[in-house]
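Here's the structure we're looking at; comments come further down.
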Amino acid sequence: MISSTPPSAYVKGHAKARSADPDAADNHVRHTMIGDPELDPVMEELAGLPRDEMHRFIAAGIEGKAGALRDAPGPLRDFFEGIDDIPAWFDHESLTPGVRAFHENAGPVLAAFVTGTLVEGFATLISKSFFLTGRVIDKGVRRLKQNNRHQIEIFHPGGLRRENDGWKLSVRIRFVHAQVRRLLAESGEWDEDAWGTPISAASLGYAIACFSARTLAHSTALGARYGPGQREGYCAVWRYAGHLMGIPEAVLYATEEEARHMFRIGILCEPDPSDESAIMANALIGSAPMVAGISDATERRDLANRLIYPISRALVGSDLADRLRFPACTHARAQRVLLLHWLDTRLKGSLPHLLKGRRSTMEQLFEVSWYDPAGLAYSLPDHVDAEQSSHW
């Protein structure tokens, strides 16, 4: 058993998960009480700085501008001194097949992320963190586009090298998580005894396992094809991105098989989907048509009900879809919609000569991603509620 009492929300699931794999279950629940051991204390030190000054120092560190970082607080300088260390298990060349896999399957991968991967993510207690900040409910379109931008950059050739945007965005996400973790802990709205640490290491380890293994499974169901070595390469990209995002090694998978197992154990440990889970998952589905550029409310509802909800139900299963309060849909209809989408994806992949007039994949990816004309920004929230926070 773990050495301390797990958060009360996890007690039931932890007992169930131990019957499948006691060590993995104990490890998951132990990390529900851990955030980012390296960065969290640094953010506490930075909390007293003026907002603009804090952001200037963080930007200097991420951009590798040592001179501008010289006057930063010591803990932040120390943090950035070690950030360039590359783990022994990592090799940039191992990412190449995964980068190729993403660009050959970008459409089904991004569709899988919205209709399957993120839905399964919001079925866990991490939905409470997002709900309390209002980040997806009020700013869902921007949030999805930011997710897409991050994926595009980490899967760009060389994107996870120190000087490129995939690396920088991954580290920025680490700072955002640490800041939101601090704000939630201080808000008085977070019950640590019941829920553990906000945006815990366990939640992030589970999320990165979903981003890799579950996206591979869901995108395959949507028509993606992966050649030799591409699945391993795809997981390697997300594993290194997870390392940059501060996920401890103990909850960071090493292989696709390990990621699948972490998902299975994690979902057993997690409490049943809550009201917040249902709200967040439905807000996610509702935002997807807007990301695709559909502004008319009637058209958005029609697309969601006709296509997105049935596909999501087919991917995550009717039991979870019902728990998340998705619109009623028979199993047969959900599977039929998924099959037709699979056939459409495969047909387009098999007959590229018929699609010469279509926009390129990269053009479409840029349209569904968040790009700020001013370039990368490193501002952080200063209030737990997104609506009351300064722009970030």
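Find how much the distance from T5 to R264 grows on full extension, using 0.36 nm per residue of separation minus their present alpha carbon separation; answer in nm with one decimal.
On the way: separation 259, 0.36 × 259 = 93.24 nm, distance 2.21 nm.
Taking 0.36 nm per residue and subtracting the Cα distance, the gain is 91.0 nm.
Taking N as the number of residues in the range 65-137, what value does Rg over Cα atoms divided by 2.2 N^0.38 Å take? Before the final figure, lay out each step's value.
Details: Rg = 19.0 Å, N = 73, 2.2 N^0.38 = 11.2 Å.
Dividing the Cα radius of gyration by 2.2 N^0.38 Å gives 1.69.
Ordered by packing density, taken as the mean number of other Cβ atoms within 10 Å over each peptide's residues, highest first, how do 219-226, 187-194, 293-300, 339-346 rank? Walk me through the numbers on the way to the answer.
Values: 219-226: 21.5, 187-194: 12.8, 293-300: 11.1, 339-346: 15.2.
The densest-packed peptide leads the list: 219-226, 339-346, 187-194, 293-300.
Where the eigenvalues come from the Cα gyration tensor of the range 117-199, what are the semi-axes √(5λ) of the equivalent ellipsoid, largest first, in whole Å?
Semi-axis lengths for the range 117-199 are 27, 15, 11 Å.
Number of Lys-Lys pairs in the chain under 23 Å by Cα, sequence gap 8 or more or different chains? Please report the intermediate quantities before stating the final value.
Numbers: K12/K128; K16/K128; K65/K168; K128/K139; K128/K145; K139/K168; K145/K168; K348/K356.
Close lysine pairs under the 23 Å cut-off: 8.
If each DSSP helix of 4+ residues adds -39,500 (n - 2.57) and the sum is divided by the residues in the chain, what number results at 222 nm, nearest 500 deg cm²/dmol?
That comes out to -17500 deg cm²/dmol.
Express in nm, to one decimal, how much length is gained between D272 and E81 on full extension, taking 0.36 nm for each residue of separation and deducting their alpha carbon distance. Don't jump to the answer; show the numbers that get you there.
Working: separation 191, 0.36 × 191 = 68.76 nm, distance 4.13 nm.
Answer, rounded to one decimal: 64.6 nm.
Per residue and in Å³, how big is the convex hull formed by the alpha-carbon atoms of the chain?
It is 148 Å³ per residue.
May I ask you to derive the relative contact order of the chain, considering only C-alpha pairs under 8 Å and at least 6 residues apart, and to give it as an integer percent?
28
State the Cα centre-to-centre distance between the range 227-286 and the range 138-173 in whole Å.
17
According to a simple spin-label model (label point 7 Å from Cα along Cα-to-Cβ), what is the distance in nm between L340 and D319?
That separation, rounded to one decimal, is 2.9 nm.
Where a number appears in this text, it was derived from the coordinates with a stated rule and is not lab data. Since the model is a prediction, treat every value here as computed from it, not as a measurement. Here the Cβ is made from the backbone with ideal geometry for all residues, glycine too, and neighbour counts use every protein chain on show.
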